[in-house]
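A.B. asks: After the structure tokens below, expect a handful of questions from me.
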């Protein structure tokens, strides 16, 4: 059963308030040379099947219906094994 990783991030045009907070905290801790911090989520799942194209279509459907908000978020699907 292939393992699939889905990386969900806010669209680049949207302000990432959580990323901004993390960036400020890192600076406050003395870390320098960082900018444009973005926070997202990674969802990993096992998906039955042998056809990578079919697996990708199924996971895209899951993303569009539940795992991501297509209005505000982008996602990337990686079939790991």
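A.B. asks: Hey, what angle do you get for helix 17-28 against the long axis of the chain, alpha-carbon based, 0 to 90 degrees rounded to 10?
C.D. replies: Taking Cα atoms only, the helix is inclined about 50 degrees.
A.B. asks: Further question: Kirkwood Rh, the chain, all Cα pairs: how many Å?
C.D. replies: 14.3 Å
A.B. asks: Also, quick follow-up: If one takes the longest principal axis of the Cα atoms in the chain, at what angle in degrees, from 0 to 90 and to the nearest 10, does the Cα axis of helix 52-62 lie?
C.D. replies: Rounded to the nearest ten degrees, it is 60.
A.B. asks: When a footprinting reagent is the concern and you count Cβ atoms within 10 Å, what order do 23, 48, 60, 54 take, fewest first?
C.D. replies: Neighbour counts put them in this order, fewest first: 48, 54, 60, 23.
A.B. asks: Pairs of Cα atoms under 8 Å, at least six residues apart: use those to get the relative contact order of the chain, whole percent.
C.D. replies: The normalised contact order for the chain reaches 53 percent.
A.B. asks: Subtracting the Cα-Cα distance from 0.36 nm times the residue separation, let me have the gained length for residue 60 to residue 79 in nm, one decimal.
C.D. replies: 5.7 nm
Any read-out appearing in this document is the output of simple, stated calculations on the displayed coordinates, not a laboratory observation. Since the structure is predicted, the reported quantities are computational estimates derived from the model, not experimental observations. Backbone-built Cβ (ideal geometry, glycine too); neighbour counts: all protein chains shown.
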